[in-house]
1. Report those helices (runs of 4 or more DSSP H) wholly inside region 46-87 carrying at least 3 residues which are without any contact (Cβ under 8 Å) to a residue 60 or more places away in the chain and loosely packed, with under 10 Cβ neighbours inside 10 Å.
2. In this structure, does Val32 turn out to be among the hydrophobic types (A, V, I, L, M, F, W, C) and more than 30 Å from Ile83 (Cα to Cα)?
Amino acid sequence: MYKTEEKIHVANPPVRYFRNNPRWNNSIRGEVNYWTNLIKGTLSKTNKPLLIVTYEDIKSNTTREVFRMLDFLNVEYSAEEIIEKFKDDQLTMFKRPKARDFDPYTPPQRDRVRTRLKQLSTSLHHKTMVEIIKRYLLEL
């Protein structure tokens with residue numbers, strides 16, 4: 001989500017939004033400083049171990065990072081368990097859902113959309129394109 005001139009957008013903002021944008025640079029600088037201070041403070045106040053795992057490391061070498069996490073947590077594992085989890089060199093938890101699996105509508109919304117599409121299809125069936133455009137423009 002990002003904001004431009006009183007409009008809030010839920011999407012990926014264009015790259016031009018970030019380039020030479022002092023508000024963006026200051027915001028990121030503040031977030032990085034906050035994160036750095038949080039980690040430093042946490043490490044100085046506790047004797048508990050901390051493992052930092054980055055998304056980039058997981059993407060570049062998932063197997064190595066999973067082993068690091070298992071070792072850090074002192075989790076016992078067998079070779080068979082690991083082989084089973086890493087079939088096709090992918091962990092299912094890192095797979096993105098396919099776009100076709102996503103349905104933005106609730107069942108009642110889906111029914112309303114289908115009904116309206118049928119109505120439109122029926123009403124448009126016997127009309128010319130000129131009639132359709134005129135009617136649309138008159139409704140505005």
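1. 79-85
2. Details: among the hydrophobic types (A, V, I, L, M, F, W, C): yes; more than 30 Å from Ile83 (Cα to Cα): yes.
Judged against the criteria, Val32 is a match.
FYI, it's all coordinate maths here, none of it is from the lab. Keep in mind it's a predicted model, so treat the numbers as computed, not measured. We place every Cβ from the backbone using ideal geometry, glycine too, and count neighbours over all the protein chains shown.
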